[in-house]
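Written out below as structure tokens is the structure these notes cover.
The values are calculated or read from the model by the stated rules, or taken from the named source; none is laboratory data. All of these numbers come straight from a predicted model, not from anything done at the bench. Glycine gets a Cβ as well: all are built from the backbone with ideal geometry, and neighbour counts include every protein chain shown. For the accessible areas, the whole protein counts, side chains as well, though only heavy atoms, and no ligand, DNA or RNA atoms are used. Shrake-Rupley method; radii C 1.70, N 1.55, O 1.52, S 1.80 Å.
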Amino acid sequence: MTFTINREENILRFTINRPKVRNAINHEVIAGFESLVTSVHNDSTIQFVVITGEGNEAFCSGGDLSIFHGLQTEEDAFPMLNRMATALYNIATLPVPVIALVNGHAVGGGCEIATACDFRLVSSHAKAGFIQGTLAITSGWGGGTYLFEKLARQDIAMQMLCEAKPLLAHSLLDNGWATQLYDGNKEQALETFVHEMKQVEASVHRAYKQMLIRKWTEQKLLEQIKEEVKTCSKLWAADEHHEAVQKFLKKRK
Ligand SMILES: CC[C@H](C(=O)O)C(=O)SCCNC(=O)CCNC(=O)[C@H](O)C(C)(C)COP(=O)(O)OP(=O)(O)OC[C@H]1O[C@@H](n2cnc3c(N)ncnc32)[C@H](O)[C@@H]1OP(=O)(O)O
């Protein structure tokens, strides 16, 4: 399985399970995210959702370049980008707190997934960055829109996007992207992180999440994300993008 969805008490955990390719996203994992959303909406006893990656190397390395490189034109790219952006918005707007348990590298679309979550609990050995720029595209799953919405300082958000480089964990904490860092065992880190919130009724969490969703609905966040998808689709078709992807794929062992 390229992903697992497991229930531990009132926590539903989604694990991207493609460690050989640093948990890169393929169509099956996108479908997994869609089933995660359905499961949460159908079960009012779920109190938290956790998204993490299998293994210790990576949380997620973004789209699977060996698959998505086959998308050549704007018309080819848009359906994939739009499908994942929609799934990610449905994750971001789940009626419960969503925790990105960033167990390793979160780059490209992987950084977008973590940014869409309510919290980012980040391993001290992890790096994260919007490296899409090195492939001559923008974020394309909503990550740039979420970053401008969530990061307190717009200049830091712009710098993260425009430098397109992975940042070390301490920098991610300093600039406000990481909610908290952890050392060692991610399970213990998660248990500690949710301990205080677990003392509060889930109905209160759900009410606060509705406040946030109402804010995003009023500011038409999803429309902003759809514009991001269109922009990424246009850049996707350029030679610069295809050349950059080929350069990465030629490096493969
Ligand atoms: C809108 C989102 C957008 C999209 O695709 O739609 C994107 O996400 S664009 C960004 C796509 N992602 C990347 O460019 C990241 C590429 N990967 C890396 O930079 C590194 O692999 C890294 C930093 C994640 C981990 O580096 P490390 O040295 O630990 O591992 P390797 O580079 O040796 O990778 C191991 C193995 O995994 C394969 N791999 C890694 N990432 C991807 C990927 N995104 N797609 C496909 N395959 C990936 C890599 O080729 C190696 O394969 P191997 O056969 O063992 O050589």
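A few points about this structure:
- Distance between the C-alpha centres of region 75-97 and region 194-221: 19 Å, rounded to the whole angstrom.
- In this structure, Glu191 and Gln72 have a Cβ-Cβ separation that, at R0 = 30 Å, corresponds to a calculated FRET efficiency of about 0.05.
- Solvent-accessible area, 1.4 Å probe, carbon plus sulfur percent, for the chain: 54
- Length added when fully stretched, Glu227-Thr134, from 0.36 nm per residue minus Cα-Cα: 31.4 nm
- Beta bridges from DSSP with both residues in region 3-186: antiparallel share about 25 percent, rounded to the nearest 5.
- Förster radius 51 Å - calculated FRET efficiency between Lys198 and Glu243, Cβ distance, rounded to 0.05: 0.55
- Think of a 1.4 Å ball rolled over the protein heavy atoms: region 3-186 then has 38 Å² of accessible area per residue.
- The protection proxy used here, the mean number of other Cβ atoms lying within 10 Å of each residue, ranks peptides 57-67, 193-203 as follows, highest first: 57-67, 193-203.
- Spin-label model, Arg252 to Ser44: label points 7 Å out along the Cα-to-beta-carbon direction sit 4.7 nm apart.
- Count Lys and Arg as plus one, Asp and Glu as minus one, and take only other residues whose Cβ is under 15 Å from that of Lys150; the net charge is then -1.
- Rounded to 10°, Cα long-axis angle of helix 186-195 versus longest principal axis of the chain: 50
- Computed [θ] at 222 nm, deg cm²/dmol, the chain (DSSP H ≥ 4; -39,500 (n - 2.57); rounded to nearest 500): -15000 deg cm²/dmol
- Nitroxide proxy distance, nm - points 7 Å out along Cα→Cβ at Glu34 and Glu57: 2.9
- Here the scattering of region 1-119 is modelled by Debye summation over its C-alpha atoms, one equal scatterer each and no solvent; at q = 0.12, 0.18, 0.21 Å⁻¹ the log10 of I(q)/I(0) is -0.39, -0.87, -1.17.
- Shape category assigned to region 167-233 from the gyration tensor of Cα positions, a/c cut at 1.5: oblate
- Helix axis angle, 27-41 relative to the chain longest principal axis, alpha carbon, degrees: 20
- Point-to-point label distance, His125-His27, nm (Cα→Cβ direction, 7 Å offset): 3.5
- Neighbourhood charge, 11 Å Cβ-Cβ cut-off, centred on His27 and excluding it, Lys, Arg +1 and Asp, Glu -1: -2
- The packing ranking of peptides 101-112, 121-132, 208-219, highest mean first, is 101-112, 121-132, 208-219, where packing means the average number of other beta carbon atoms within 10 angstrom of each residue.
- Relative intensity, log₁₀ I(q)/I(0), of the chain from a Debye sum that treats every alpha carbon as a point, q = 0.09, 0.15, 0.16 Å⁻¹: -0.35, -1.05, -1.21
- Against the main long axis of the alpha-carbon atoms of the chain, helix 74-92 sits at an angle near 10°.
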